[in-house]
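First the structure, in the form of structure tokens, and then the observations on it.
The values are calculated or read from the model by the stated rules, or taken from the named source; none is laboratory data. Source: prediction; values computed, not measured. Cβ atoms come from the backbone with ideal geometry, glycine included; neighbour counts cover every protein chain shown. The accessibility values were calculated without ligands, DNA or RNA, using every heavy atom of the protein model including side chains. Shrake-Rupley method; radii C 1.70, N 1.55, O 1.52, S 1.80 Å.
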Amino acid sequence: MARMVGAPAGEGTPLPALPPLQGSPGWRRRVANRLAWALAGLALVVILAPAVWIVAGVVYRAAPHWHWSVLTTPGDRPTLALPSGGLENAVLGTLLIMAGVTLVAGSIGVLSGIHLAEQARGRVGDLLRGASEVLAGIPSIVLGYVGYIALVVGFHWGYSLLAGVLVLAVFVVPYVAKSTEVALRQVPTSYREGAEALGMPPGYALRRVVLRTALPGITTGLIVALAVAAGETAPLLYTANYSDALPTLHLTHHSVGYLTDVVWTFFNLPSRAEVQLSYDAALLLIVLVMLLIAVSRLVIGLTQRHAEPARG
Amino acid sequence: MGSALEEAAPADGRQPGASRHHVLRIRGLTVGFKGDPVLTGVDLVFPRGTITALIGPTGSGKSTFLRTLNRMNDRVPGYYRKGEVELDGQSIFAPGVQLMALRRRVGMVFQRPNPFPLSIMENVVAGVRAHGLADRAGRRRIAEARLREVGLWGALAHRLNESPFRLSGGQQQLLCLARALAIGPDILLLDEPTSSLDPVTVEAVEDLLRRLTPAITVIVVTHNLAQAKRIAHFTAFFNQGRLVEHGPTARVFGDPSAEETSRYVTGRIG
């Protein structure tokens, strides 16, 4: 007969004697314990150190020559303080592109996430999820090139805000959809059952109970997606091109400047002023991402006053 | 709508199958999820305004039975059903039946308290609001009346805007009861409502259930045989997916007709 787990000693295979309550664990366990903690600590350092190093490096190089006027001077109007112009065009361009991506990828991504979590079951669901994963795996530069062929050339939009926004949106939609789906799936069944038992129609229960509960996860996913989009350069090179002039609200036929291009292009230029601008742009990008995170925390804090405390 | 239906169903038999005495009638109910049925051939009636306890060992099908009465099983994958559940003589499975309307008449409370992540006030009137039954001032009055009814008003009157998750488990369950009662159901289904509660709250819940009758018909699944004896007018014993025995509580416990029931109520099986 197979040995029963937990069988009292005396029946079947005898168990070793009970250990004393006092005393230290064996050296093997102590070494394994120390090693595991050390590895976990090391992993933390490995990801934190470069982040701290990069932020510190950027601040260190950007701070000494920082002029607030970079925010109010476009690239095509050099001043005495800023012989290569400022970053107003790139800052506004990035904000415009981000706003567009939030609108397009936010709505499409969240809606498709809701569909994946609540509706898409069986084979259709697997197909949709598979397609979304393939989309997520396509390199951004390939998407940029496809956008160039289809939108810039095919639709005759030229280099434009709309082309840039759409390509970036397609790039991040899979992230948003996935994080929305995961957040919705984590909503306790008891909430859904409670809503159902009260006779709430499914759409009402989704709005009033389920989405509210999933909001922190959805917002976090959206913010990460936006941060990724804010840091992308390749798709925009093909679709928005670049412009030293202030962006306009024209959707097509007007190139748009953005911060990542400044970081990438100006760093390699010979003039000192331009290299400094590339550090300023990097600093502004980091600040922008931090602001995004702060705003998302605020939104979460305001909507989760009545939330169930997190279970450990 | 519910009361109109009741009044339109007198004993002269204008509505076939309707009865003044039986609010719910179950005929040949078989339920399963793919594969073998979980519940086979159940025939049962629930007299209006009474408390019926459903007892039986784990896996006997009593919870599945309870969840069939307000169609909570509908969306479970693989669910199938034969037989009928009639509410005041009308099939709850008929094509025109609105789930919203059914669940307004047949409320449900679960084993574990499940308040929504809304304020205490919003929790009590969540159903009232979903069904559009009252304006803001009306909802406040309903909330106060229901919290008084379940005995929470004294403790919570000044905490209506707080999170329900700061309350004790017992208070949360009473809150869920208030929420279920706020939409004015005819029938209240309870799935082991007191199994996670302290004895004082258990007593409060049992008192409340007694007070709810005869206005409301109560059907409660319980593993606590003493509880069934204390509160139920009728008891139904389920075992292995069949309804073994049903009758007045005193008879089911004192003089069971089936050997299985006798062994269960004396603690020899289950």
Failed item, numbered, when A:Leu259 is tested on (1) facing chain B (nearest Cβ under 10 Å); (2) open to solvent by less than 10 Å² (accessible area, probe 1.4 Å): (1)
A:Leu249 - would you say it is surrounded by 17 or more Cβ atoms within 10 Å (Cβ to Cβ) and either away from every other protein chain (no Cβ under 14 Å) or under 21 Å from the mean Cα position of the chain (by Cα) (or both)? no
What are the residues in region B:183-196 that are open to solvent by less than 10 Å² (accessible area, probe 1.4 Å) and not in a loop (DSSP other than H, G, I, E, B), if any? B:Ile187, B:Leu188, B:Leu189, B:Leu190
Considering every residue within region A:55-78, establish whether at least one is within 19 Å of A:Val275 (Cβ to Cβ), open to solvent by 80 Å² or more (accessible area, probe 1.4 Å) and in contact with a helix residue (DSSP H, G or I) (Cβ under 8 Å, 6 or more places away or on another chain). yes
Under 26 Å from B:Asn239 (Cβ atoms), buried (at least 17 other Cβ atoms within 10 Å of the Cβ), within 13 Å of chain A (Cβ to nearest Cβ) and not acidic (Asp, Glu), is that true of B:Arg81? no
Being open to solvent by 30 Å² or more (accessible area, probe 1.4 Å), within 15 Å of A:Val262 (Cβ to Cβ), in contact (Cβ under 8 Å) with a residue 24 or more places away in the chain and of a type outside the set (Val, Ile, Thr) narrows it down to one of A:Leu92, A:Leu135, A:Leu82, so name that one. A:Leu92
The helices (runs of 4 or more DSSP H) lying entirely within region B:92-182 that contain at least 2 residues which are more than 9 Å from chain A (Cβ to nearest Cβ), open to solvent by less than 60 Å² (accessible area, probe 1.4 Å) and of a type in the set (A, V, I, L, M) are B:120-124, B:136-149, B:153-156, B:169-182
Return the only residue of A:Ala214, A:Ala177 being open to solvent by less than 10 Å² (accessible area, probe 1.4 Å), within 16 Å of A:His306 (Cα to Cα) and either within 14 Å of another protein chain (Cβ to nearest Cβ) or part of a helix (DSSP H, G or I) (or both). A:Ala214
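Give the residue, chosen from B:Leu39, B:Leu54, that is closer than 24 Å to B:Val205 by Cα and open to solvent by less than 10 Å² (accessible area, probe 1.4 Å).
Every option except B:Leu54 fails the conditions.
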Looking at B:Val200, B:Val205, which is the one that is open to solvent by 70 Å² or more (accessible area, probe 1.4 Å), more than 14 Å from chain A (Cβ to nearest Cβ) and more than 24 Å from B:Ala101 (Cα to Cα)? B:Val200
Identify, please: which residue in region A:272-312 is within 14 Å of chain B (Cβ to nearest Cβ) and hydrophobic (A, V, I, L, M, F, W, C) and is, among those, surrounded by the fewest Cβ atoms within 10 Å (Cβ to Cβ)? A:Ala310
Here is a list: A:Ala281, A:Ala245, A:Ala229. Which entry is among the hydrophobic types (A, V, I, L, M, F, W, C), assigned to a loop (DSSP other than H, G, I, E, B) and either touching a helix residue (DSSP H, G or I) at 6+ places or on another chain (Cβ under 8 Å) or touching a residue at least 40 places away in the same chain (Cβ under 8 Å) (or both)? A:Ala245
Residues of region A:145-165 satisfying the condition of being under 22 Å from the mean Cα position of the chain (by Cα) and surrounded by fewer than 24 Cβ atoms within 10 Å (Cβ to Cβ): A:Leu162
Quickly run through region A:185-202 and pick out the residues that are assigned to a helix (DSSP H, G or I) and either modelled with pLDDT under 90 or within 11 Å of chain B (Cβ to nearest Cβ) (or both). A:Thr189, A:Ser190, A:Tyr191, A:Arg192, A:Glu193, A:Gly194, A:Ala195, A:Glu196, A:Ala197, A:Pro202
Answer with yes or no whether B:Leu44 is of a type in the set (A, V, I, L, M), over 29 Å from A:Glu118 (Cα atoms) and in a strand (DSSP E or B). yes
Is it fair to say A:Val209 is closer than 30 Å to B:Arg112 by Cα, touching a helix residue (DSSP H, G or I) at 6+ places or on another chain (Cβ under 8 Å) and part of a helix (DSSP H, G or I)? yes
